[in-house]
Amino acid sequence: MLHYEKTAATEILRGGNSLAVFSRGLDLGSLVAIVAAEKLLLSEGRPILALNFPKTVFQRLGRLLATHPAKFPIHLLPRHVSSSVSAVERFEVYGCGGIIAATPRTLAVDLLTAVSHLGDHEAKKVPTLSFLGILIYNAHEISEHRSETFVTRLFREYVGRCELEDTFIHAFSDAAPALCRGFHSAEKLMRLLGLERLLLYPRFHVDVVTSLEHKTENPQSYVDGGYGTHSSSSAGIELLELHQPMTALMKAIQDEILVLMRSCFFELRRS
């Protein structure tokens, strides 16, 4: 585990719903895996919902947790629930605990069903579920018109009515520029998702700079998120930024696009 990952994970796990924003290029997936592992260790079979995870990121999360020293049972490892599965079977999956991903529409339907049957003792097919929390990836993509916002609102309502304890909502993003556009974009996002803390880890953060240095006084081995040891003679990692130069044809296309944009603005001003 790199130093900045340990610091970020500690801050996230300290308590309270949070939005963690990493600089582009830092390993956000590793941080999510560290947080997910700690939550699973304390979950006691309570399900954790995963929202807006790309397929490749969710698969990597599963691989990292499968090789975790805690050796989680297979039913706690990340899995996807399809909408083709019946609602009864989905609730059985929720009841087994672990990290569960599904489409926002499927999760919204299931949470609506769970909320509507609270206190209904005749609804034997819909058991009361003790949800633990929600992990949200690429939080910068969430808006008030997205289904993920509705899912988090239903989750907060369900948690409040069931009086569940130690619940959480942790959102992650590595697209800081997307959260700087517009007026108070980060504040609006936190209000939509019900988040209380904003954690920022830019590339000039002290812990990030320390982790990215090529040489340190005390060389040591680093553990990648606690899932495998990698020895390094320089006790650091190398950060590379690759810039692809444009070809002559690409520059010509760019020039033509700029001409079209100027023409459009000119017509807009005239009208």
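Laid out as a table, the results:
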| read-out | value |
| --- | --- |
| Residues whose placed amide H lies under 5 Å from that of A50, excluding near-sequence neighbours | I100, A101, A102, L135 |
| Point-to-point label distance, D27-V115, nm (Cα→Cβ direction, 7 Å offset) | 3.8 |
| Karplus-derived HN-Hα couplings along the stretch 168-175 (A = 6.51, B = -1.76, C = 1.60, θ = phi - 60°), whole Hz, x at Gly and Pro | 8, 9, 10, 10, 9, 7, 10, 10 |
| The chain: DSSP helices with Cα axial extent of at least 27 Å and average Kyte-Doolittle hydropathy no lower than 0.0 | 248-270 |
| Lys/Arg +1, Asp/Glu -1 at C-beta; the chain dipole; positive extreme among I134, F53, F150 | F150 |
| 10 Å Cβ shell holding at most 12 others, DSSP loop, chymotrypsin sites (Phe, Trp or Tyr not before Pro): longest site-free stretch of the chain | 1-182 |
| Modelled FRET efficiency - R0 22 Å, M250 with T56, Cβ distances, 0.05 increments | 0.20 |
| Computed magnitude of the charge dipole of the chain (debye, nearest 20; Cβ of K, R +1, Cβ of D, E -1) | 540 |
| Spacing of the two label points (7 Å from each Cα toward its C-beta) at S271 and E144, in nm | 2.8 |
| Label corresponding to Cα extents along the principal axes in Å when calculated from the structure given, among (1) 70, 65, 32; (2) 116, 43, 37; (3) 73, 45, 36 | (1) |
| Gain in span if fully extended, L200 to L42, counting 0.36 nm per residue against the direct Cα distance | 54.3 nm |
| Amide H contacts of L199 (H built 1.01 Å from N, under 5 Å, at least 5 apart or other chain) | L19, A20, V21 |
| Max mean-square fluctuation residue, GNM over the chain, Cα-Cα springs under 10 Å, options S116, S18, S130 | S116 |
| Amide H contacts under 5 Å for R24, placed H, 5+ residues apart | A176 |
| Linear extension gain, R63 paired with S82, 0.36 nm per residue minus alpha-carbon span | 4.8 nm |
| Highest-fluctuation residue, L242, L199, L260 considered, GNM on the chain with Cα pairs under 10 Å | L260 |
| Dipole of the chain, positive end: most advanced residue of P177, I257, T167 [Cβ charges, Cα centre] | I257 |
| Net charge contributed by nearby residues that have their C-beta within less than 12 Å of V93 (K/R +1, D/E -1) | -1 |
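Every number here is computed from the coordinates shown, using simple stated rules; none is lab data. The model shown is predicted, which means the values in this text are computed figures rather than measured ones. Every residue, glycine as well, gets a Cβ built from its backbone with ideal geometry; the counts of neighbours run over all protein chains shown.
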